[in-house]
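Working notes, structure below.
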Amino acid sequence: MLYLGTENALYVSFDDGDNWQPLQSGLPHAPVYWMTVQERFHDLALATYGRGFWILDDISPLQQMTPEVRASDAHLFAPRDAYRFRNVTEPASVTYDPTTGYNPPYGAVINYYLKSATKDDVKIEIADASGKTVRTFDGTKNAGVNRVWWDMRFDPGTQFRLRTSPLYAPEVTVGPEGWRPAPGVEPVGLLAMPGTYTVKLLAGGKEYTQKLRILKDPHSTGTDADIQTQTKLVEHLQNELNAMADTVNQLESVRAQLNQLETQLGDDANSKSIRDAANELNNKLTDFEGTLLQLKATGRGQDDVRWASMLAEKLAYLARQLASTDFPPTTQQVAVADELSKKAEEARNEGQQLMSKDVAAFNSMLRLRNVANIIVKTP
């Protein structure tokens, strides 16, 4: 493969110079004065006259392009190694600095070829060493070389879906889908540990696979064993949060139905007794849910200063802190995780009791009065 820089463009040849085609890919039309290929990361770097440096990240798909690839309906290129870098403090700079470059997205780059554009779904699956699928996402569907980035995160945890307004803030309403996210407990997937993963491309009814190596940050002093110990505890906390999200989502569904029921009741004595029972049940559910989530939080302003964090926020905070480095948990973090896990288990049991007894008793009363039951969704 040959590259050619001219006074106003960049070209590439796949047949030793017999044929050339432009390789601008965002490069302004400027004189190309020098070029080099970074061997480890397969980046093509150019020096131009008057327009600064230009880098085409990861040209490995071009290096692997053959007549057989171009003739195939789809092809998944062998990905380059990806580094599990940790963030560092960014240098202070103004956002409008014209001399500042832009880094590629963080993560592993996945390149594949489609002979023609398609309207069918194109899926990317990532499997760990045991064969378990840990991430699934959509791919682009363009003819030619497509590029997507995996942020090296596993599938995110269960979303907390609140179907009621915050306490004392009725102006904050649910979104068009009928729910709003819970502030402070946004789901985040686990960061993949160093190791070998399998990338799967699902396109045109066929499956294509390649191996992908994720490498530890070479600047990190944490060992693979440290990362494994840390990830195990973070995964445990995420499982606790997933179970708690199921409980909260169930509570929110019931509370939203109780609120709806109250708006449909009349002013007769029968409706008043149902309304009183609904208010009593709603208050009991709200009090319990308030031990799991800070129900006053609006997701704006200074919620974390004005209102105390509850069990879910504490679990999420601990998980974020643990996952922010490559080091194993401290003795104190392990102790706090154990304490929070015990409280989470007690909360699950209490939530199940509320559904199996209190909500069931309320539904029995509704049936006796020929009123439609509250639907309790199974997590």
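Among (1) at pLDDT 95 or above; (2) over 23 Å from residue 186 (Cβ atoms), there is one condition residue 293 misses while meeting the rest; what is its number?
(2)
Can you tell which of 31, 22 is touching a Phe, Trp or Tyr at 6+ places or on another chain (Cβ under 8 Å) and exposed (fewer than 14 other Cβ atoms within 10 Å of the Cβ)?
22
Hand me the list of helices (runs of 4 or more DSSP H) wholly inside region 261-330 holding 3 or more residues that are among the hydrophobic types (A, V, I, L, M, F, W, C) and on the phi < 0 side of the Ramachandran plot.
Of the helices (runs of 4 or more DSSP H) lying wholly inside region 261-330, those with at least 3 residues that are among the hydrophobic types (A, V, I, L, M, F, W, C) and on the phi < 0 side of the Ramachandran plot span 269-292, 311-322.
So, in region 189-209, how many residues would count as being part of a loop (DSSP other than H, G, I, E, B) and of a type in the set (D, E, K, R)?
Total satisfying the criteria: 0.
Can you spot a residue in region 111-130 that is within 30 Å of residue 52 (Cα to Cα) and assigned by TED's automatic domain parsing to the domain that holds residue 215?
Yes, the conditions are met somewhere in region 111-130.
Somewhere in region 61-68, is a residue closer than 20 Å to residue 8 by Cα and either modelled with pLDDT under 95 or of a type in the set (Lys, Arg) (or both)?
No, there is no match, as no residue in region 61-68 is closer than 20 Å to residue 8 by Cα and either modelled with pLDDT under 95 or of a type in the set (Lys, Arg) (or both).
Just to be sure I understand, how many residues within region 200-215 are at pLDDT below 95 and under 23 Å from the mean Cα position of the chain (by Cα)?
Final tally of qualifying residues: 0.
Being at pLDDT 95 or above, touching an Asp or Glu at 6+ places or on another chain (Cβ under 8 Å) and among the aliphatic types (A, V, I, L, M) is true for just one of 340, 311. Which residue is that?
Result of the check over 340, 311: 340.
I'm trying to understand the selection: among the residues of region 105-144, which are free of Cβ contacts under 8 Å to residues at least 24 places away in the same chain, more than 22 Å from residue 188 (Cβ to Cβ) and in contact with a strand residue (DSSP E or B) (Cβ under 8 Å, 6 or more places away or on another chain)?
Residue satisfying the conditions is 140 alone.
Being over 19 Å from the mean Cα position of the chain (by Cα), assigned to a helix (DSSP H, G or I), surrounded by fewer than 22 Cβ atoms within 10 Å (Cβ to Cβ) and in contact (Cβ under 8 Å) with a residue 60 or more places away in the chain: is that true of residue 229 here?
Here the answer is yes, as residue 229 does meet what is asked.
Can you work out which of the residues in region 253-301 that are small (Gly, Ala, Ser) and farther than 20 Å from residue 173 by Cα is surrounded by the most Cβ atoms within 10 Å (Cβ to Cβ)?
Looking at the filtered set, the residue picked out is 278.
Among the numbered criteria (1) assigned by TED's automatic domain parsing to the domain that holds residue 139; (2) outside any loop (DSSP other than H, G, I, E, B), which one does residue 33 miss?
Of everything listed in (1) assigned by TED's automatic domain parsing to the domain that holds residue 139; (2) outside any loop (DSSP other than H, G, I, E, B), residue 33 misses just condition (1).
So which residues in region 43-57 are in contact with a Leu (Cβ under 9 Å, 6 or more places away or on another chain), touching a residue at least 12 places away in the same chain (Cβ under 8 Å) and surrounded by 14 or more Cβ atoms within 10 Å (Cβ to Cβ), if there are any at all?
Within region 43-57, 43, 44, 46, 48, 51, 54, 55, 56, 57 qualify.
Go through 196, 247, 263 for me and flag whichever is in the same structural domain as residue 306 (by TED's automatic domain parsing) and over 20 Å from residue 337 (Cβ atoms).
263
Look at residue 83 and say whether it is of a type in the set (Phe, Trp, Tyr), in a strand (DSSP E or B) and either in contact with a Gly (Cβ under 6 Å, 6 or more places away or on another chain) or assigned by TED's automatic domain parsing to the domain that holds residue 213 (or both).
yes
Which one of these is basic (Lys, Arg), assigned by TED's automatic domain parsing to the domain that holds residue 274 and crowded, with 18+ Cβ neighbours inside 10 Å: 343, 357, 314?
Only one candidate qualifies: 314.
Exactly one of these conditions fails for residue 11: (1) surrounded by 13 or more Cβ atoms within 10 Å (Cβ to Cβ); (2) outside the structural domain of residue 146 (by TED's automatic domain parsing); (3) within 37 Å of the chain's Cα centre (by Cα). Give me its number.
(3)
The values are calculated or read from the model by the stated rules, or taken from the named source; none is laboratory data. What you see is a predicted model; the values in this text were computed from it and never measured. Because the Cβ atoms are built from the backbone with ideal geometry, glycine has one as well, and the counts that use them run over all protein chains shown.
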